[in-house]
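Below is one structure, written out as structure tokens; comments come after it.
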Amino acid sequence: MKKIILIFFLLLGSFSTQASGEPQSPDEPVDAFGLIMDHISDAHQWHVVDYTNSRGHEVHINVPLPVILWHNNSLWFFSSGHFYHEQEPQQLGNDYVILHEEQFYITGDEGELEMDAEGNIRNASPLDFSITKNVASMILSMALLLLMFLSAGKAYARHGIAPARGFRAVLEPLILFVRDDIARSQIAKDKADKFVPFLLTMFFFIWINNLIGIIPFFPGGSNLSGNISFTATLAVFSFLVINVFAVKDYWKHIFLAPGMPFPIKILLVPLEFIGIFTKPFALMIRLFANITAGHIIILSLISIIFIIKSIYIAPVSILLSLVMFLLELLVAVLQAYIFTLLTALFIGMSTTKSEH
Amino acid sequence: MELLTPSPGLVFWTSLTFVILLVILRKYAWPSILRALKVREETIHFALEDAKKAKEEAEQMEHQRKKVIDEARKERDLILKEARQVKSEIIEEARNEAREEVQRMLEKASRDIEMQRKDAMLEIRKTIGNLSVEIAEKILKEELSGEEKQKKVINAYLNEMNFN
């Protein structure tokens with residue numbers, strides 16, 4: 001625990017404060033769409049707080065994050081602070097790289113972007129393996145999960161079958177819930193326990209990232225579980241587990257459609273085959289859409305204050321977003337549950353011998 | 001559309017993180033947690049089963065006890081009944097025997113009395129005979145001193161004898 005606090009303060013120590021020259025004019029219309037998109041997309045720095053100091057300068061406090069680029073068969077490491085603060089492009093071997101709207105582009109030494117006729121950027125992008133805001137919050141979630149469950153595991157090993165106390169008493173019903181109501185209720189009895197560790201990891205990983213996403217301030221507020229890359233990766237893991245452990249009957253059911261007349265087989269087999277992919281695809285979209293939608297709604301409700309520019313709308317806005325926060329708390333656990341439950345359901349379908 | 005485009009970096013880090021979590025937790029956390037939960041469940045299950053068995057046993061023993069008590073009570077009742085019967089039989093027998101004995105004794109007594117009466121009669125007769133002889137002797141001795149007197153006495157006695 002102490003280590004985590006230490007790491008937290010080290011992070012705080014590396015905060016870069018940046019004072020921008022001109023304060024925003026109050027008459028300028030608020031770009032709510034840009035603001036919302038900015039909040040729900042990934043970033044190469046972790047935004048902490050903005051405020052206006054006593055001299056009227058706006059101060060942005062950000063945690064710079066490591067930038068890792070793969071270019072010309074080698075890895076390049078930077079601090080993202082360079083890309084945000086300095087206007088000159090950073091050297092990448094013989095090439096130069098700039099950060100434009102959270103995307104890296106290879107440029108010449110001038111840092112100019114080439115646009116085509118439709119305004120699309122024609123510059124190439126290096127492969128970006130940076131520790132972005134989402135990756136950082138994922139690492140945080142990993143640290144939390146490891147802390148929670150390794151200590152719980154140790155405690156169980158030490159105390160044996162004695163009733164759980166303290167934090168274990170919170171975790172235990174959840175673990176039992178995943179084991180009994182997700183794994184054992186969907187997967188055949190003799191096979192269920194094999195998948196319990198996977199389902200437990202998945203459930204808690206999604207849930208804790210959903211929760212971190214709801215926290216509105218540093219070190220939360222990342223939209224990791226509302227990011228399509230994250231949900232797609234987890235869906236791929238589901239897909240792998242569903243199909244790797246599938247029994248022969250499952251494949252027979254898909255490719256031979258036993259018991260059906262031939263014309264229907266012609267229709268059914270492609271549908272079943274597509275079904276292999278649509279199941280995890282639906283998982284991916286469901287989690288992504290639910291979490292992103294929740295974030296967008298809360299941000300929109302808050303933005304109303306700045307769009308209308310009236311203090312009197314604030315109570316309404318705050319009240320509504322409070323309700324949304326509570327709903328999001330429910331959605332966080334609900335989506336983790338649904339993702340895990342459906343994975344378990346599909347595993348159950350693919351590992352059971354069907355009776356035809 | 002930017003939202004819907006997966007970025008390879010995040011996919012990579014997500015895979016890495018998830019695999020690390022899966023491997024570490026699967027090795028160091030879940031087994032001990034799940035084992036402890038399973039052992040606890042089994043312990044509770046067995047304890048409950050044992051308790052149920054013990055309860056059943058106790059019930060059976062209680063049942064047995066009741067049965068034994070019932071049987072004992074029945075036996076007692078039977079014995080009491082028999083005893084009562086035996087008692088009344090004995091009393092009846094004794095009464096009968098007593099009655100018979102009494103009868104017998106009465107009969108014997110009456111027989112004895114009859115015999116004694118007869119004996120007494122014989123005795124009396126004998127005594128009377130003897131007395132008569134003695135009296136006759138005495139009278140004869142006295143009266144026969146004079147003829148007249150003798151005759152008179154004999155007549156007188158004879159008259160008396162006839163009355164007897």
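The values are calculated or read from the model by the stated rules, or taken from the named source; none is laboratory data. The structure presented is a predicted model; accordingly, all values stated were derived computationally and were not measured. Backbone-built Cβ (ideal geometry, glycine too); neighbour counts: all protein chains shown.
Taking the criterion of being of a type in the set (A, V, I, L, M, F, W, C), within 19 Å of the chain's Cα centre (by Cα) and more than 13 Å from every other protein chain (Cβ to nearest Cβ), the residues of segment A:36-62 that qualify are A:TRP46, A:VAL48. Screening the candidates B:ALA47, B:ALA136, B:ALA54 for the property of being of a type in the set (Gly, Ala, Ser), surrounded by 10 or more Cβ atoms within 10 Å (Cβ to Cβ) and either touching a Pro at 6+ places or on another chain (Cβ under 8 Å) or farther than 30 Å from A:ILE161 by Cβ (or both) yields one hit, B:ALA136. The residues of segment A:301-317 that are within 18 Å of A:PRO216 (Cα to Cα) and in contact (Cβ under 8 Å) with a residue 12 or more places away in the chain, listed by number, are A:LEU301, A:ILE302, A:SER303, A:ILE304, A:ILE305, A:PHE306, A:SER317.
Would you be able to say whether some residue in segment A:191-204 is assigned to a helix (DSSP H, G or I), in contact with a strand residue (DSSP E or B) (Cβ under 9 Å, 6 or more places away or on another chain), more than 8 Å from chain B (Cβ to nearest Cβ) and closer than 20 Å to B:LEU16 by Cβ? Scanning segment A:191-204 turns up no residue that is assigned to a helix (DSSP H, G or I), in contact with a strand residue (DSSP E or B) (Cβ under 9 Å, 6 or more places away or on another chain), more than 8 Å from chain B (Cβ to nearest Cβ) and closer than 20 Å to B:LEU16 by Cβ.
Say we look at segment A:110-138 and pick out the residues that are hydrophobic (A, V, I, L, M, F, W, C) and either in contact with a Ser or Thr (Cβ under 7 Å, 6 or more places away or on another chain) or in a strand (DSSP E or B) (or both); which of these is surrounded by the most Cβ atoms within 10 Å (Cβ to Cβ)? Once the filter is applied, the top-ranked residue is A:MET138. Go through segment A:243-264 residue by residue and tally those that are without any contact (Cβ under 8 Å) to a residue 40 or more places away in the chain and either assigned to a helix (DSSP H, G or I) or not hydrophobic (A, V, I, L, M, F, W, C) (or both). Total meeting the criteria: 10. Only one entry of A:GLY213, A:GLY259, A:GLY226, A:GLY221 meets the criterion of being on the phi > 0 side of the Ramachandran plot and surrounded by 14 or more Cβ atoms within 10 Å (Cβ to Cβ), and that entry is A:GLY221. From the list A:LEU267, A:LEU283, A:LEU301, A:LEU211, the lone residue that is in contact with a Gly (Cβ under 9 Å, 6 or more places away or on another chain), part of a helix (DSSP H, G or I) and more than 11 Å from chain B (Cβ to nearest Cβ) is A:LEU211.
Candidates in segment A:128-150 are the residues that are small (Gly, Ala, Ser) and within 9 Å of chain B (Cβ to nearest Cβ); of these, the one that is nearest to A:PHE83 (Cα to Cα) is A:SER130.
For segment A:172-229, name all the residues that are polar (S, T, N, Q) and closer than 29 Å to B:PRO31 by Cα. Passing the criteria: A:SER185, A:GLN186, A:THR201, A:ASN209, A:ASN210, A:SER225.
At least 2 residues being modelled with pLDDT of 80 or more and touching a Pro at 6+ places or on another chain (Cβ under 9 Å) is the threshold, and among the helices (runs of 4 or more DSSP H) wholly inside segment A:1-109 those reaching it are A:80-85.
Within segment A:77-90, the set of residues being surrounded by fewer than 18 Cβ atoms within 10 Å (Cβ to Cβ) and in contact with a Phe, Trp or Tyr (Cβ under 9 Å, 6 or more places away or on another chain) comprises A:GLU88 only.
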